[in-house]
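A.B. asks: This is the structure, below, for whatever I ask next.
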Amino acid sequence: MTVNILINPFFLLNLMKISNDLEDLTNKIKNCKLCSLYKTRKNVVPGIYGSNNELCFIGEAPGYNEDKEGYPFVGKSGKLLDAMLREIGLERKEVSILNVVKCRPVTEDGKNRIPSQTEINICSNTWLKHQLEYLQPKLIVTLGSVALKYFFPKAKVTKEVGLFKTTNEGFTVFSTFHPAYILRNNSEFMRETYRNHFKQIYFYIKSNNVLKKPPIDKALSSTNVKQSRLDNFFS
Ligand code: SF4
């Protein structure tokens, strides 16, 4: 009698030790063809690991510029994220920046689109999950709904932004808006809300000794004057 056994390839993949180190894992991501997004990508965007890996920002997926260059947050959204990091005394090279999905989801007419749930599940359960296992960040900041829902599937970003929560794996997660959302909804109120979120991140990392090299004490001084770096960004 012949017995046909169907084995899910992702089950097999999880059975194997995925990689020996972060560099090896990153190389595997760069060669991944697990979902159909590999067919339309120019570059895989595994993410960047900063000198202060204890703080990790997670976005949704690469867009046009990220796909072109192979790095996360290099377009206008990235420049806004850089401005917000400088607002709290940090540089991009100090933090880890990852995406839930590593290849650009694109529409038939070449525009960015939100990744499908299948693409999110395949990519994040294979790669992001293991990146976080290696990095073990002391604080994760989710940028937008897709990243928040990776940790808390039932969460609604409009209700949960500005909150610290703990995942089942023990990660501390702070949720805020994706910079692209702030760019699309630019108003004094949204800029103030975003600035306050980054203030919360700043005070958390200071009071919980999250970073080996903490941000400078005067980091938030610009928020005491009318023109902050964020206002300058939009002026
Ligand atoms: S999106 Fe993720 S799972 Fe899909 S091909 Fe790219 S790296 Fe692989």
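A.B. asks: Can Leu135 be described as touching an Asp or Glu at 6+ places or on another chain (Cβ under 9 Å) and under 15 Å from Phe174 (Cβ atoms)?
C.D. replies: no
A.B. asks: Out of Ile122, Ile114, Ile140, which single residue is over 25 Å from Tyr194 (Cβ atoms) and among the β-branched types (Val, Ile, Thr)?
C.D. replies: Criteria check complete, one pass: Ile122.
A.B. asks: For the range 26-74, what are the residues that are basic (Lys, Arg) and either assigned to a loop (DSSP other than H, G, I, E, B) or away from the ligand (no atom under 12 Å from the Cβ) (or both)?
C.D. replies: Lys33, Arg41, Lys42, Lys68
A.B. asks: Listed residues Ser222, Ser207, Ser235; which is among the small types (Gly, Ala, Ser), modelled with pLDDT under 75 and loosely packed, with under 11 Cβ neighbours inside 10 Å?
C.D. replies: Ser235
A.B. asks: So, in the range 136-172, of the ones that are at pLDDT below 95 and outside any loop (DSSP other than H, G, I, E, B), which residue ends up farthest from the ligand (Cβ to nearest atom)?
C.D. replies: Within the range 136-172, the match that is farthest from the ligand (Cβ to nearest atom) is Lys159.
A.B. asks: Please give the number of the condition Cys103 fails out of (1) surrounded by 18 or more Cβ atoms within 10 Å (Cβ to Cβ); (2) touching a Leu at 6+ places or on another chain (Cβ under 6 Å); (3) not small (Gly, Ala, Ser); (4) not in a loop (DSSP other than H, G, I, E, B).
C.D. replies: (4)
A.B. asks: Here are Glu133, Glu119, Glu87: which of them is more than 9 Å from the ligand (Cβ to nearest atom) and either among the aromatic types (Phe, Trp, Tyr) or touching a residue at least 12 places away in the same chain (Cβ under 8 Å) (or both)?
C.D. replies: Of Glu133, Glu119, Glu87, the one residue that is more than 9 Å from the ligand (Cβ to nearest atom) and either among the aromatic types (Phe, Trp, Tyr) or touching a residue at least 12 places away in the same chain (Cβ under 8 Å) (or both) is Glu87.
A.B. asks: Return a yes/no flag: does the range 204-213 have any residue that is aromatic (Phe, Trp, Tyr), at negative phi and under 20 Å from the mean Cα position of the chain (by Cα).
C.D. replies: Yes, the conditions are met somewhere in the range 204-213.
The values are calculated or read from the model by the stated rules, or taken from the named source; none is laboratory data. What you are looking at is a predicted structure, and each value in this text was computed from that prediction instead of being measured. Cβ atoms come from the backbone with ideal geometry, glycine included; neighbour counts cover every protein chain shown.
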